[in-house]
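In what follows, a structure is listed as structure tokens, so that the remarks can point back to it.
All of the numbers you see were taken from the coordinates with simple rules; none came from a lab. Here the structure is a predicted model, which is why all the values come from computation and not from measurement. Glycine also receives a Cβ, built like all others from the backbone with ideal geometry; neighbour counts cover every protein chain displayed.
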Amino acid sequence: MSREPGALTGNEDERLHQAIAMAVEARASAYARYSGFAMGAAVVGIDGRSTRGVLVENVSLGLSMCAERVALFTAVTEAVAPAVLAVCAPRTGGQLTFPCGACLQVGLEVAGAELVIVAVDPDGVHERAPLLTLLTRAPKRHTPITGPAG
């Protein structure tokens, strides 16, 4: 199914609300021992199945993992083809916190350009954007991962 990047219709609007609720809930499980910047994420697939992820920090910063990547990698493990990725985090600089470039690149690799990204704060205020508007000069990829490698 082809659609405009970031566009949601019908059932897809339900996926958006499901992803937001799951990301807000997941945030409570974040392991943000060093920064205190708790983050939760959720992926809802094109078939309605979902996964969650949380920030997992490590004293060795490079070994930490963003909530978004945990959710996306779990989606790959569970063969969920992502339609929506929501991330819940405190605001930064007064603005909603969107995924970092590394997480967006993983989203492009796993889900493709049509992935809808949603930033939500702990109060539930949210904004969505097409992945490619956030990662405008991304390296191009042939097709998103849609299931186990054959």
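Observations
- Between residue 133 and residue 35, the modelled labels are 2.4 nm apart [label points 7 Å from Cα along Cα→Cβ].
- Quarter of the Cα convex hull surface for the stretch 11-134, i.e. its orientation-mean projected area (nm²): 6.9
- Most tightly packed first, judged by the mean number of other beta-carbon atoms within 10 Å of their residues, the peptides 95-101, 65-71, 78-84, 132-138 read 65-71, 78-84, 95-101, 132-138.
- Its relative contact order, with pairs defined as Cα atoms under 8 Å and 6+ residues apart, puts the chain at 23 percent.
- Phi angles of the stretch 23-36 translate, via the Karplus equation with coefficients 6.51, -1.76, 1.60 and θ = phi - 60°, into HN-Hα couplings of 5, 4, 5, 4, 3, 5, 9, 4, 9, 10, 4, 9, 9, x Hz per residue; Gly and Pro are given as x.
- Cβ charges +1 (Lys, Arg) and -1 (Asp, Glu), total dipole of the chain, debye: 380
- Sorting 29, 60, 50 by the number of Cβ atoms found within 10 Å of their own Cβ, with the fewest placed first, yields 60, 29, 50.
- Listed residue (139, 99, 82) projecting farthest to the positive dipole end of the chain, Cβ model: 139
- In degrees, nearest ten, helix 101-111 long axis to first principal axis of the chain (Cα): 30
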